[in-house]
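The values are calculated or read from the model by the stated rules, or taken from the named source; none is laboratory data. Everything quoted here is computed from the prediction, not taken from an experiment. Quick reminder, even Gly has a Cβ in these numbers, built from the backbone with ideal geometry, and neighbours come from all protein chains shown.
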Amino acid sequence: MSRRCELTGKGVLVGNNVSHANNKTRRRFLPNLNDVTLQSETLGRSFKFKISASALRSVDHRGGLDAFLAKANDDDLSANALKVKRDIAKAATAA
């Protein structure tokens, strides 16, 4: 499984470790990913995602999974999150 946030698309960054002697060696900056279960109010069920801690704070700030996905850019979402977004939009228009 890739080290990429399913909601924001945040992934691995690369850079250098720099020693006191100014030697540079390559390193990776990994995102802070967590396995979480988020509840959808519209669909009435929960979904499991692997998201970053900052994305979890953004979901809480926007008022839940439904509100976050409504404003989210489709290019940043994973295939699983995009399917959930379409299901929520379909259920919202039907209700």
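Quick one: in segment 31-57, of everything that is hydroxyl-bearing (Ser, Thr, Tyr) and part of a strand (DSSP E or B), which residue is surrounded by the fewest Cβ atoms within 10 Å (Cβ to Cβ)? In this case the residue turns out to be 37. Considering every residue within segment 10-32, establish whether at least one is touching a helix residue (DSSP H, G or I) at 6+ places or on another chain (Cβ under 8 Å) and either at pLDDT below 95 or among the aliphatic types (A, V, I, L, M) (or both). Looking for residues that are touching a helix residue (DSSP H, G or I) at 6+ places or on another chain (Cβ under 8 Å) and either at pLDDT below 95 or among the aliphatic types (A, V, I, L, M) (or both), one finds none in segment 10-32, hence no. In the condition set (1) surrounded by 15 or more Cβ atoms within 10 Å (Cβ to Cβ); (2) acidic (Asp, Glu); (3) farther than 13 Å from residue 6 by Cβ; (4) out of contact with any strand residue (DSSP E or B) (no Cβ under 7 Å at 6 or more places or on another chain), residue 76 is compliant with all but (3).
Applying a threshold of 6 Å to beta carbon distances and a minimum spacing of six or more residues, or different chains, the list of pairs starting in segment 55-77 at a residue that is acidic (Asp, Glu) and ending at one that is surrounded by 11 or more Cβ atoms within 10 Å (Cβ to Cβ) reads 66/40; 66/41; 66/42; 66/88; 76/8; 76/9. Taking segment 60-90 as the range and being part of a helix (DSSP H, G or I) and closer than 18 Å to residue 11 by Cα as the test, the residues that pass are 79, 80, 81, 82. State which residue is surrounded by the fewest Cβ atoms within 10 Å (Cβ to Cβ) when the search covers only segment 1-30 and only residues that are of a type in the set (Val, Ile, Thr) and assigned to a loop (DSSP other than H, G, I, E, B). The extreme case among them is 12. Considering (1) over 16 Å from residue 87 (Cα atoms); (2) surrounded by 12 or more Cβ atoms within 10 Å (Cβ to Cβ), the lone condition that residue 63 does not fulfil carries the number (2).
For residue 94, state whether it is surrounded by fewer than 14 Cβ atoms within 10 Å (Cβ to Cβ) and at pLDDT below 95. Against the criterion (surrounded by fewer than 14 Cβ atoms within 10 Å (Cβ to Cβ) and at pLDDT below 95), residue 94 qualifies.
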